[in-house]
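The structure appears right after this line, and notes come after that.
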Amino acid sequence: MSEDLGAVSSQQLQQSLESISIPTSSPQATFTNWAKTFKCQPQRVFAPTTALQCRQIIELARREGARVHPVGVGHSPSDLACTNGWLIRMEGLKGVVKINYEKHSATFMAGTTLHQVHSSLAATSPPMALPNIGSISDQTIGGLISTASHGSGVTFPVLSQHVRSLVLVLPLPGAPVVKVSPNDDPDLFKASLCGLGATGLMLEVEIEVEEAFRLKETKEPKSVDEVLDNLDEIKKSAEHVRVWWYPDGKGMIVGRANRTYQPAQPTTSLLAHILGFHVTQFFLFVSRIFPSFTPFVGRWAWWLSKQESEVVDDGYKILNFDCLFPQYALEWAIDASQAKQCLEEMRVWLDQEAADHDGLRVHFPIEIRWSAQDDIWLSPSYGRETCWIGVVTYRPYGLAVPYRKFHEKFASLLASHGGRPHWAKQHSLRPKDLEVIYPKFNDFRSVLQRVDPNAIMRSENVRRHIDGENVPDRVFKAR
């Protein structure tokens, strides 16, 4: 990894990268995100398996003036992972680098998926686990960190806050490798904890871990009034609290999870899967043709979900959530103190839409979660305890459905409460907007200029939102 690439000719670099270059005839030469909502055909695609290969790609791109962007599994429902330049598929850089039991830390290659992280930590002696995770474990740990993804719990920050150090390849002459931490280049470290893939190519992530734990989660149905009237108490009523709102069912499910020593008691039901997945997807397909059928599907989903339940299982299995079908997803983060007022306004708006014969018909559930404040420059939880509100519009059988008006109105409402969009979701904010809601936004831009003066690692998404270039929002929209 310490080879001096400055002494290597461009022709030698080209030859070294031939074995990891994806031919244009391969399906891997085209990238499509998980929801199949965005798609790109990069100029070149690489699939490295070593740190040296990553350095060679970055150095060759710097010499040729190419743009480079890394991608994990592409779970972001936005075009963040897309580029027309060079794409680096990071799945080959996976596995455990080391685990330090005394310091409660583990280091993974950046292309390791969270599923692989969970299984690797569980296989150690004693078994270990991440302190908190989000709703899915399909994404890579590098992608997770790059967007400041979150779980839920008022005492738990975004997952990037648990990172102890990062190893990055910088797009500077020779493609140097640096290790950053709170003590080593702290500015680059803070920027990279939500770096959007632009602060350097992430090779390794050292993250805090703890002894493996089980969670006991209870779910109980409540009226919307009961939840909103007691929202501040509910959010603090367990270590991990999540709320799922079914607008057409006029109810909410409150999920509370706490660490427990009870033995695992997982629950599975083939009938529940058939009804909740296959029947629901068919109903959604019908509602795509007959929109007036949508409220019935919402009530159906509420009927399926409103049973009280109690489950004990490994922590990550409880915190993961089945996303069901491909979807258009949007999520914004607001100051937790604004949550009740915002949700009340949202209820009034959705009720008005439901009463209007030509109003918008929304899907389910609306997910409400919380995170502690942090000091990560571009984290939506920067400087404030945060309430996250997320909406989905499902795409039954992968088919397109109308969603843009709903997303625009939702984003406008959340923005009116000082909201910040999740970086992995599509949004329309530009630098002037972001400067207002992120006190450290210009510090982030200064770090980018220092470590990447030629903008080699700035994707179209980053150039649109961070640099302010006129890159169309739908340039990579799948048709």
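When the surface is traced with a 1.4 Å probe over the full set of protein chains, Arg347 keeps roughly 60 Å² accessible. For the stretch 75-91, backbone phi angles converted through the Karplus equation (6.51, -1.76, 1.60; θ = phi - 60°) give residue-by-residue couplings of 7, 4, x, 10, 9, 4, 8, 8, 7, 9, x, 9, 10, 10, 7, 8, 4 Hz, Gly and Pro being listed as x. Which of Val177, Asn33, Ala272 sits closest to the plus end of the dipole of the chain, meaning its Cα is farthest towards the positive end, when Lys and Arg get +1 and Asp and Glu get -1 on the C-beta? Positive-end residue among those listed: Asn33. Summary of the geometry: the stretch 426-457 and the stretch 1-50, compared by the centres of their Cα atoms, lie 26 Å apart.
Over all distinct alpha-carbon pairs, what is the Kirkwood Rh of the chain in angstrom? Before the final figure, lay out the partial values.
Working: mean 1/r = 0.0431 Å⁻¹.
Computed over Cα pairs of the chain, the Kirkwood hydrodynamic radius comes out at 23.2 Å.
Amide H contacts of Ile136: Phe321, each under 5 Å away and 5 or more positions distant or on a separate chain (H built 1.01 Å from N in the peptide plane; Pro and chain starts excluded).
In deg cm²/dmol and to the nearest 500, what is the mean residue ellipticity at 222 nm of the chain if only DSSP H runs of at least 4 residues count, each as -39500 (n - 2.57), divided by the residue total?
Details: 15 runs with 133 residues, N = 479.
For the chain, the value works out to -8000 deg cm²/dmol.
Ordered by solvent-accessible area of protein heavy atoms (1.4 Å probe), largest first, the residues Leu350, Leu271 come out as Leu271, Leu350. Taking the three principal axes of the alpha carbon atoms in the stretch 176-315, the coordinate ranges are 57, 43, 36 Å, sorted in descending order. Here the stretch 1-153 is treated as a sphere whose radius is the Kirkwood value from Cα pairs; by Stokes-Einstein at 25 °C and 0.890 mPa s it diffuses with a coefficient of 145 µm²/s. With a threshold of 27 Å on the Cα-Cα distance, the over-threshold entries among Lys190/Lys219; Lys94/Lys179; Lys36/Lys409 are Lys190/Lys219.
His162 contributes about 20 Å² of solvent-accessible surface, heavy atoms of the protein only, 1.4 Å probe.
Please report the equivalent ellipsoid semi-axes of the stretch 331-475, computed as sqrt(5 x eigenvalue) of the Cα gyration tensor, largest first, in whole Å. Spell out each step's value before the answer.
Details: eigenvalues 177, 80, 30 Å².
Sorted largest first and rounded, they come to 30, 20, 12 Å.
Model label points for Ala29 and Ile99, set 7 angstrom from Cα along the Cα-to-Cβ axis, are 4.1 nm apart.
I'd like the distance between the alpha-carbon centres of the stretch 263-329 and the stretch 105-180, rounded to an integer number of Å. Here the two parts' Cα centres lie 28 Å apart.
Applying 1/(1 + (r/R0)^6) with R0 = 30 Å to the Cβ-Cβ distance of Val279 and Asp138 gives a FRET efficiency near 0.80.
As a fraction of the 1.4 Å probe accessible area of the stretch 202-341, surface on carbon and sulfur atoms comes out at 53 percent. Its relative contact order, with pairs defined as Cα atoms under 8 Å and 6+ residues apart, puts the chain at 18 percent.
Here the chain is scanned for GluC sites (Glu not before Pro) in DSSP loops (not H, G, I, E, B) that have at most 10 other Cβ atoms within 10 Å, and the longest stretch holding none of them is 103-307. Ligands, DNA and RNA aside, Cys40 has an accessible area near 0 Å² when probed at 1.4 Å.
For the chain, Cys54, Cys194, Cys323, Cys342, Cys387 stand unpaired, since no other cysteine beta carbon lies under 4.7 Å from theirs.
Here the chain is treated with +1 on each Lys and Arg Cβ and -1 on each Asp and Glu Cβ, and its dipole about the Cα centre works out to around 1080 debye.
By the rule of a C-alpha distance below 19 Å, with chain neighbours fewer than 8 residues away ignored, the lysines paired with Lys216 are Lys235, Lys236, Lys306, Lys317. Length gained on full extension, Tyr397 to Lys222: 59.9 nm, using 0.36 nm per residue less the C-alpha separation. Taking the Cα centre of the stretch 62-126 as reference, the dipole from Cβ charges on Lys and Arg (+1) and Asp and Glu (-1) amounts to some 220 debye. Cα to Cα, under 19 Å, and not fewer than 8 places away if on the same chain: which lysines meet these conditions relative to Lys405? Of all the lysines, those that pass the test against Lys405 - Cα under 19 Å, at least 8 places apart if same chain - are Lys425, Lys477.
Dipole magnitude for the stretch 332-434: computed about the Cα centre from +1 point charges on Lys and Arg Cβ and -1 point charges on Asp and Glu Cβ, it is near 340 debye.
Excluding ligands, DNA and RNA, the accessible surface per residue across the chain is 41 Å² with a 1.4 Å probe.
The values are calculated or read from the model by the stated rules, or taken from the named source; none is laboratory data. Keep in mind that what you see is a predicted model, and the values were worked out from it rather than measured. Neighbour counts run over all protein chains shown; Cβ positions are idealised from the backbone, glycine included. We work out accessible area using only protein heavy atoms, side chains counted, and drop any ligands, DNA or RNA first. Shrake-Rupley method; radii C 1.70, N 1.55, O 1.52, S 1.80 Å.
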